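Let me begin by presenting the structure, written as structure tokens, before commenting on it.
The values are calculated or read from the model by the stated rules, or taken from the named source; none is laboratory data. Source: prediction; values computed, not measured. Glycine also receives a Cβ, built like all others from the backbone with ideal geometry; neighbour counts cover every protein chain displayed. Each accessible area value is taken on the protein alone, full model and side chains, heavy atoms only, with ligands, DNA and RNA left out. Shrake-Rupley method; radii C 1.70, N 1.55, O 1.52, S 1.80 Å.
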Amino acid sequence: MKSEQAILLVEDNDDDAELTARAFKSARLDNLLVRVRDGVEALDYLLGKNDFAGRDVSDLPAVVLLDLNLPRLDGFTVLKTIRADERIKHLPVVILTSSDEDKDRLAAYDHGANSYVQKPVDYDRFVGAARDLGLYWLVLNRPAPPRPD
Amino acid sequence: MNADPHESTSRKFAAILERSENGTSEDVLQEAYELGRWAWGQGMGVVQITILQYESLAAALERVPTREMTGQVVRNAALLSAECFSVFEMAMRGFQESNAALTEMNRKLEAANRDLDSFSYSVSHDLRTPLRAIDGFTRAILEEHGDKLDGEARHLFDRVRAATQRMGQLIDDLLGLSRITRSPLRRETTDVTALARRILADLAEADRGRQVEARVAEGLVTNADPRLLTAAFENLLGNAWKFTKKQTQASIEVGKEQRDDGDVFFVRDNGAGFEMEYAAKLFSPFQRLHSDAEFPGTGIGLATVNRIIQRHGGSIWAEAARGRGATFFFTLGAGS
């Protein structure tokens, strides 16, 4: 088991991606933050396909931070796909999005999200949220072990 | 023509029945039938006419001695029944048509609601994201390049951040207002005393420096949507809390007055108040009666409360004087 686990950030907006990276850095969580631009790239990364062919797929991220408002595959479809795939279905997925709409939250949990966090507009609170997220999912939470054969 | 058509027609039927003692049953049937058609033309309800016609038909048939139950009588009775049924059929068709119209209207409302949903969705995502960028990168400038900036420059950036906070709050409030408009209304018996006390306790907890004398009447109960009522009280009590901040002896009171046409709840404070001549603006969105510097706010709170009260079928009004506090009165409609 790797001691340095990655955080997979699925975020199409460059501003938000940079702010998230800065927030994690501010929160002194220097874990490897891998940013992909949409759901297709996210699944490629997780399953070692296309641009990520050859990646060691047993090295799963500690947590996936998933935006909902994505081009090509929307966030819910990505989540559904993750939960349907034997190899990655237990991956912790935190929906990290601007919306606080009831229907988004309900759909997130219906599709099997572990958690739902609204991105604060206030940057200080954003940093705080990043720190809390990081501490919880990287340090406190224990991911699923590999299945015995 | 103010007489109740039902009553006068009933009297006419009664008169027919009385005469049937003496006249032939055929005449009775004929008269009842014609009266029914006339009443229908007058716009009386088909159910009422049909009941009356059946009643007179039944009464008339009862009076017919069996030997006089001629073919003609039977035929007329059958005609009358058929006429009643066809009137029923017309009414049913009418009901079905208005049902169809209602269904169509429902469909349109649902489409409009979906549009509102996607508008809110848009606002949620598309407005908040660049706002976050403005706030975040401004902060990044201050943190990482603050040493290159003089006090004035830093102050200007602080004002940028303050403005983004304000816009963020406005977005939240607008979305809240839109949500209130769209959510279904579910009435249940609600303990208003407990609700108000809980909100006041939360306000006190979040603002420990302040001493506010809060009085909530015992036994306040109503039949309303508890989530919406909570939002309404949070706004009203939050306002009372806010506008009494300059009083040395701030006091807030929640109670109920019994008036002729029902209970009226009130929230009273002894804070800044406002001039009654501007009261008409009170419940419109974005309209404020105080400057933001004096008392921060977006001007959506009371618009939200107004919407909640309206959805309950009630009404809300205020009485106040500048420097002498304000009282907000509201009712919660017939269902409460």
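A few notes on this one:
- Sites B:Asp147 and A:Ala21, calculated FRET efficiency, Cβ-Cβ separation with R0 30 Å, nearest 0.05: 0.85
- Paramagnetic label zone (point 7 Å from Cα along Cα-to-C-beta, B:Glu188; backbone N under 19 Å) in the stretch B:210-235: B:220-234
- Each part gets one Cα centre, and for the stretch A:35-65 versus the stretch B:208-270 those centres are 54 Å apart.
- Qualifying lysines (Cα of each under 24 Å from Cα of B:Lys148; at least 8 residues distant if same chain): A:Lys25
- Rounded accessible area of B:Ser118 (nearest 10 Å², 1.4 Å probe): 70 Å²
- Note on chain A: dipole from Cβ charges, positive end direction compared against A:Leu140, A:Leu91, A:Leu8; the farthest Cα belongs to A:Leu140.
- Taking the Cα centre of the stretch B:205-336 as reference, the dipole from Cβ charges on Lys and Arg (+1) and Asp and Glu (-1) amounts to some 340 debye.
- Spin-label zone in the stretch B:174-191 - amide nitrogen under 19 Å from a point set 7 Å from the Cα of B:Glu110 along the C-beta vector: B:182-185
- Accessible area per residue, Å², the stretch A:1-41 with all protein chains present, probe 1.4 Å: 52 Å²
- The mean number of partner chain beta-carbon atoms within 10 angstrom of a residue's beta-carbon across peptide A:122-129 is 4.
- Ranked by the mean number of other Cβ atoms within 10 Å of their residues, highest first, the peptides A:124-135, B:234-245, B:215-226 come out as B:234-245, A:124-135, B:215-226.
- Inter-chain Cβ neighbour count for B:125-131, averaged per residue, equals 6 (cutoff 10 Å, partner chain atoms only).
- Multiplying the residue separation of B:Phe137 and B:Met92 by 0.36 nm and subtracting their alpha-carbon distance yields 9.5 nm.
- Other protein chain C-beta atoms within 10 Å of residue C-beta, averaged over A:92-104: 4.
- Computed extension gain for B:Asn99 through B:Glu277, at 0.36 nm per residue and net of the alpha carbon distance, reaches 59.5 nm.
- Accessible surface buried at the B:A interface totals approximately 2100 Å², computed with a 1.4 Å probe on protein heavy atoms.
- FRET efficiency, A:Lys80 to A:Arg142 (Cβ-Cβ, R0 25 Å, nearest 0.05): 0.55
- When the charge dipole of the stretch A:42-114 is built from unit charges on Cβ atoms (+1 for Lys and Arg, -1 for Asp and Glu) and taken about the Cα centre, the candidate among A:His111, A:Ile82, A:Ala62 whose Cα reaches farthest toward its positive end is A:Ile82.
- Dipole of the stretch B:244-336 [Lys/Arg +1, Asp/Glu -1 at C-beta], most positive-end residue of B:Gly325, B:Gln247, B:Phe265: B:Gln247
- Mean separation of Cα pairs under 8 Å and 6 or more residues apart, divided by the residue count, gives chain A a relative contact order of 25 percent.
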